[in-house]
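Bear in mind these aren't lab numbers, they're just calculated from the coordinates by the rules spelled out. Model, not experiment: these values are computed from the prediction. Note that each Cβ is placed from the backbone with ideal geometry, even for glycine, and that neighbours are counted across all protein chains shown.
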Amino acid sequence: MLELHQVHKTYATPQGPLKVLEDVSLRLAAGQSLALMGESGSGKSTLLHLAAGIDLPDQGAITLEDQNVASLAEPARAKLRREQLGLVFQQFHLVPSLTVIDNLRLQARLAKRDDADWSGYLIERLGLTGMEKRYPEQLSGGQQQRLAIGRALAPRPSLLLADEPTGNLDETTAGKVLELLLSLVRETHCALLVVTHSPQVAAPLDRCLRLSHGRLLDAAP
Amino acid sequence: MTRVLSTLLSHYRRHPGQLVMLLLGLWVASALWSGIQAINATARDSYARADALFDTQLDQLERRDGAPLTRGEYYALRQAGLPVSPMLEGEVVTQAGTRLTLIGIDPLTLSSDNAMAQANTSASLSDFLTPPWQTRAAPDALAALGVARENASGATPTLADGNTLPPLVLAPALPPDTLIMDISAAARLLESGDEITRIVAAPWALAEAPSGFILTRATTLASPGQLTESFHLNLTALGLLAWVVGLFIVQAALGLALEQRLGMLRTLRVLGVSGRSLVVALCLELILLGLIGALAGIASGVWLARVLLPDVAATLGSLYGAGVGQELNLPWHYWVGGLAVSLGGLLLAGSGVLWRAARLNMLELGQMQAWRGGYRRQLTLMSISGALALSVALALYGWLRFQPPGDGLVAGFGLIAALLLASALWLPPFLALVLKVLTHLAQRRPLIHWAMADMQLQLPRLSLAMMALLIALATNLGVGSMVGGFRLTFLDWLDQRLVAPLYLNAPSEQYADIDVWLADRPEVFERLLTRRSDATLQATITPDGSRALGTPIELYGITPGESLTPHWPLLAIQQDRSSAWAAFSDGAIFVNEQLATAENLAPGDRLTLSAPGANETLTIAAIYPDYGNPRGQVLMASPQLAARFNAPPSSMGLVLNDNANVDAMRAALRERFDLGSDALSDQAEIKRIATEIFERTFTITRALNVLTLAVAALALFASLLAQARNRRQQLAPLWALGVPRAQLAQLNLAQLGGAALVTGLLAVPLGIAITWGLVAIINVAAFGWRLPLYLFPWEMAITLATAVGVALLAAALPTLRFWRASPRALLAEEANQ
Amino acid sequence: MSVRRLRNLLLVLIATVTLILYGCSDEDPTSTSSAGFAGLGQDVDGFQDAGSNSSLTFPADHSAHPDYRIEWWYLTANLEDESGEPLGLQWTLFRQALMAPSKRPEPTPWAADQLWMAHMALSQGEQHQVAERFGRSHSQAQLNTTQNSQAGVVANPFHAWLDDWQLKANDEADNRDFDNLTLTAYSGEGDTRFGYSLTLTAEGPLVLHGNGGFSQKAANGQGSMYYSQPFWQIEGDVTLNGETKTVSGRGWLDREWSSQLLDARQSGWDWFSIHLEDGHKLMAFRLRGGGDDTDQAQGADYRSGTWITPEGQATSLANSDITLTPQATSAVAGRDVPTRWRLEVPSAGLDMTIEAPHANRWMTTSVPYWEGEVVVTDHASGEPLGEGYLEMTGY
């Protein structure tokens, strides 16, 4: 499904080159869930971006569904993202100009995998029934994140990448949102990679890896 | 307070683009406005100087037979007890090639009451009267004379012909381009011998013209201020337009700066800063920025005026005969006024911001939601205001319909302004509606759907710039069509009136001999003698009754022969052209459009005209266009004019047979009658001069138009730049969802290009409406002539292309920056949000 | 074509020039009356000087003397209208050379070396009408026709003119000897029109003042050429306020030219021309300052005069022969002007009171002064003795 092999990433900063990832290798099988934990600045978000093809590694290989992400051109990576991946961000990143239902179906439509029944089911499952015509800012934080999860799952991706999906939510809401996320992931047999610093988030997942100063602490799988 | 102010201002340190945009708007608005005001102020100063000389306007005597006046005649008039004074006028050419008017006066008789007393001491009078004499000139003339201001006094510049002027004495109150000296010194420089140009008298000092002379009262001559009023109104309107467009930028920048600082303001309130101090601090900020922008603007305005002034001066000189100095002459109130207008505009634009800041709710949350509702309210308000503006336009139009043509210059401008305002106000609601419909229609095309929905979101920030663009485009199109139409009409009219290949301009006593000589020349097909003189329009007799007037008018005589009558343009005739011309030959008159408009005349009406020794009541057979003439004119057949009003000949057109040699004819005439080099001019030359004057007239209009469009483009560019960061934040997640950057960039350009296209399409009918307002109302009121409405599809296409081009250009930089931004930078921004 | 028309308009606009030209000149607007008196106290530099060795030749000397700095033809008259109401008039033609003879410009058209100024006044009761004209001429202009110059004087037949203000030989009389002249001058329009058309007949000879026509004006010897015709009998019409009346009476013409009339220290003069009932005439003047030959700033007054018998025999009166005492002043035009005088000439047995019946005879001309009719009475008895004219300058 997803495989990182000896990935290195360095950023140029005003203070000199900053090694963000060093020799990172990991593997995630289909339907599996993995939590990637680490302090702020440990490189976990970068790892997520590399996995999504948003950023490219300096060295090493990233394979997603048998495709080497790093060797793909931008349009192909974009296609990969919209068809194979679902992304959930800490700040939700809903499109403010679109209604709830249009937000939910946006990626599915882009990927030409729009399915009214599936979207309807997701709305129901996400507890957003009756709010379809609202705009994102008219929703509470929990509702917004649930909508973001819905948007990511609407095209039935094979891998869901989540970056601190509950980081902006209070504890109770966070628990509920996480529960929903996991149950939907299970329903869709979608692999899941969650980047978080919270043990509560990591606990229910299949596996957990720790990242510190750009290196994985636990040995590769 | 300083702390609050510095905290507020710290925002601009992080967003220098907004500061630049704000200052840019202020700068541009006040630069264009103050530039035009500087031109107006300078022109007004020049008129005031001419008017002051006019203060006791002078009546004039000319010989009835048109022969030049002589010194002996002047003495004879004096010895008959008439309080007249001699005057010599001519042109001198400076070494730089500039032509200056030289006037020689006799101060001893010019104002017999108090010449000596005014001269203060006999010494200064003596200096004026005796060698080496004095040249009095306004400082404006120094540049042409090649003299620096510091050592102007006493300088004796050399002229192109090698003569030197008497020592200069600066007289700031004199009109520009005019040198005044004693008549004896002028007679030497002009080599005028015993001839004098005119004999003048204080107004009404002469009860009647002495026999053998024609008396022209000073009141016959309108003052330049009056004549040029419409021209300056035109300029002011354009300046105001530029100012408004500039303020759009300011308003947009301020709104953005406030929106982004709402959090900061709220925090400050929470920290215990009172709402009042906050408003005061914002006011201070506005004034501080306003001062910087306005001062920079005024400085550039003065520069702009300096660049444009020569063309304006040339226009006013050739069109109205009004002398305008080439040197800016700005009274103190110009500076204060410029500053006040700039600051006033800023406060006007900033009032909304202050209002919002004053009512700031400390606990206000859900910004976006409040804002979405707010914008909807704003759109409603715009629709209502637009409807109001349109009602005003319709009301003005209705009112103008019941006014006699030629009235309502201000109402005409008001109508155009209301129309522009209505369209501008309706633009955002209209765009919003279009986008809503398109968003709905594009449900199945997710990207287009998104783009439309996204455009709705961008609209509030872009609407002001789009409004500015609409106004600029429409004005550009409107004025462009008017000028283009005028140009076509004018050139056509010139062709129709200039039928002879050769025109003769000789001393009037020579015409009789020349005519006899030409009559025997086989190559001359027709001799078109013109005559002119002045008269007073005493009364009009129309079907509505008779009306007493006392309007001075010009009498012009033409020879209605085979060459002229088929071409001479006529606007209104009673039956058909041939019967109009037949009546004309029999003594009916034609009146020019200006006169017909001013006095509401139609063919069939009768006019009572009087001149010394003549009083005639004549029937109008037709109305003809007479572009470029500020006065009312009555046209008669030359023989009729000679018989009834004893008018002297003024020129003669020579129509030659097909195979005749124009140059040979010219040479023969010149040799036979000892004519000067400027006595004969050919058609092409006259056309060239007339066209040149025409082109110059509209140079400034065109320049201002282009500047206004540039300002609108700048407004759009600044708006886009100011929200570029925001845009990237909105585009980044979309990109993360798998939309390629190239596609996003294209979409971005398409969004703006589309909006601009819609705006441009709306500008086309609006521009046509403006052209109509200009040719049918403003020109009639300002100049007295109505032009046909010409439309130029090619120009419209160019306007549309310009609109789209301007928008794409403005969108290009932000898009390019998005395109070139590294993914990490995009996400970093995203993460920082 | 419109191009030319527009151009013409421009010319007309600009041509309408008034004397604002001067309103904005840099000169300091100080103008005191004595300095304004046409440089009467300037140095001679380059001009011909009047001296005791100069002599007069007629008719040539009736004409202008452009080599001298200043000159005038000065007529005053004490008249009566049909109803016996007294009426006074003045007509003066002043000439001033603009430059020394050696600096004259070429006589091109309009070039001038002579500046002319004419004053006219007509007074009756409280009415006092004043007018002024200016002109220019070149001394080398051919004056055989008035069409060659705005102003000028021809000796024979006599003709002095500035515009239509003209004093000339009477065409209807034998005029070779300067005994029959006509004077016409009018000013104003309609109700404000005033002026006169008069014939002048001399009933006595010309009188030369001073030493054969040289009249000393200061103790240092400077002076002017000065002769008079004090015996005019005048008839004619005057127009005042648009009304014309027939008048008659006596007139006095002064002719005087000089290049340096006044001593620099002299501030003004008081000038009397008196017609006595017994046929005698008296001319007397007092120049204030310059009366002694010292370098004092002011100095004493300088007095001089001529006692003329009815036959025209003239006796010069010296400083010591004349006592002149101002006795009362009137406020005129913001100044105090002496309007009652005591004039004593013991050698002629005269002790007279000279009084102006109307003080408002201020000449509101560019150079202002007082000029008006006076009534002469015996100082002791108050008996009427005669009438005359008084001119006072420098107040």
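Put in line by how crowded their Cβ is, counting other Cβ atoms within 10 Å and starting with the fewest, C:D164, C:D49, C:D179 read C:D49, C:D164, C:D179. Grouping the Cα pair distances of the stretch B:58-220 into 10 Å bins from zero gives a pair-distance distribution of 10, 37, 33, 17, 2, 0 percent in increasing distance order.
I need the calculated FRET efficiency for the pair B:R276 and B:F792, taking r as the beta carbon distance and R₀ as 56 Å, to the nearest 0.05. So the FRET efficiency works out to roughly 0.50.
Inverting the pair-averaged 1/r between distinct Cα atoms of the stretch A:142-221 gives 13.4 Å as its Kirkwood hydrodynamic radius.
Extension gain for C:D81 to C:D278 (0.36 nm times residue separation, less C-alpha to C-alpha distance): 68.7 nm. Starting from the Cα gyration tensor of the stretch B:506-677, take the square roots of the eigenvalues, sort them a ≥ b ≥ c, and report rounded, prolate or oblate (rounded when a/c is under 1.5, otherwise prolate if a/b is larger than b/c, else oblate). Verdict is prolate for the stretch B:506-677. Neighbour counts of other Cβ atoms within 10 Å put C:I308, B:I39 in the fewest-to-most order C:I308, B:I39. In this simple spin-label approximation, B:L288 and C:R342 carry label points 7 Å from Cα along the Cα→Cβ vector, and these lie 8.8 nm apart. Among B:F402, C:F285, the order by Cβ neighbours within 10 angstrom, fewest to most, reads B:F402, C:F285.
All other residues whose Cβ lies under 13 angstrom from that of B:Q510 are scored, Lys and Arg at +1 and Asp and Glu at -1, for a net of -3. Within the stretch B:58-220, antiparallel bridges make up roughly 75 percent of the DSSP beta bridges whose residues both belong there. Around C:H358, under 14 Å between beta carbons, what's the net of Lys plus Arg minus Asp minus Glu among the other residues? Here the charged neighbours net out to -4. Other protein chain C-beta atoms within 10 Å of residue C-beta, averaged over C:211-223: 0. Taking other residues whose beta carbon is less than 12 angstrom from the beta carbon of B:N748, and scoring Lys, Arg as +1 and Asp, Glu as -1, yields +3. Using a cut-off of 19 Å between Cα atoms, the listed pairs A:K9/A:K79; A:K19/A:K44; A:K79/B:K436; A:K9/A:K44 include A:K9/A:K79; A:K79/B:K436 as exceeding that distance. Dimensions of the protein assembly as shown based on its C-alpha atoms, expressed as ranges along the principal axes with the largest first, amount to 158, 85, 57 Å.
Sorting B:797-805, B:157-165, B:133-141 by average packing, meaning the other beta carbons within 10 Å per residue, from highest down gives B:133-141, B:797-805, B:157-165. Note on C:Y186/B:R401: beta-carbon distance plugged into 1/(1 + (r/R0)^6) with R0 of 41 Å gives a FRET efficiency of 0.10.
If you take the beta carbon distance between B:V410 and B:A602 as r and set R0 to 25 Å, what does 1/(1 + (r/R0)^6) give as a FRET efficiency, to the nearest 0.05? The formula returns an efficiency of 0.45 here. The mean sequence separation of alpha-carbon pairs under 8 Å and at least six residues apart, normalised by the residue count of the stretch B:506-677, gives a relative contact order of 32 percent.
Sequence-ordered 3J(HN,Hα) estimates for the stretch B:376-390 from the Karplus curve with 6.51, -1.76 and 1.60 and θ = phi - 60° stand at 4, 4, 4, 5, 4, 4, 5, 4, 5, 4, x, 5, 4, 4, 5 Hz, glycine and proline given as x.
Using θ = phi - 60° in the Karplus curve 6.51 cos²θ - 1.76 cosθ + 1.60, the 3J(HN,Hα) couplings for the stretch C:224-239 round to 9, 8, 8, 9, 9, 10, x, 10, 6, 9, 10, 10, x, 10, 10, 10 Hz; x is entered for Gly and Pro.
Ignoring lysines fewer than eight residues from C:K245 along the same chain, the ones with Cα atoms less than 27 angstrom from its Cα are C:K168. Amide hydrogen proximity for A:D55: with H placed 1.01 Å from N in the peptide plane, the residues at 5 or more positions away or on another chain lying under 5 Å are A:L50. The mean sequence separation of alpha-carbon pairs under 8 Å and at least six residues apart, normalised by the residue count of chain B, gives a relative contact order of 16 percent. Counting only DSSP H runs of at least 4 residues, each contributing -39500 (n - 2.57), and dividing by the residue count of chain B, the helix-based mean residue ellipticity at 222 nm comes to -20500 deg cm²/dmol. Here is the list for the stretch A:45-143: trypsin sites (Lys or Arg not before Pro) lying in DSSP coil, each with at most 10 other C-beta atoms within 10 angstrom of its C-beta, are A:K112, A:K133. Peptide B:76-83 shows a mean partner chain C-beta count of 5 within 10 Å per residue C-beta.
Across all directions, the average projected area of the convex hull around the alpha carbons of chain B is 44.1 nm². Using θ = phi - 60° in the Karplus curve 6.51 cos²θ - 1.76 cosθ + 1.60, the 3J(HN,Hα) couplings for the stretch B:601-612 round to 9, 9, x, x, 5, 10, 10, 9, 10, 10, 9, x Hz; x is entered for Gly and Pro. Averaged over peptide B:125-131, the number of partner chain Cβ atoms lying within 10 Å of each residue's Cβ comes to 6.
Close amide H pairs (under 5 Å, H built 1.01 Å from N) link B:L330 with no residue at least 5 positions away or on another chain.
Which whole-number percent is the relative contact order of chain A (Cα, under 8 Å, 6+ apart)? Averaging sequence separation for qualifying contacts and normalising by length gives 31 percent for chain A.
The stretch C:216-274 and the stretch A:156-207 have Cα centres separated by 127 Å.
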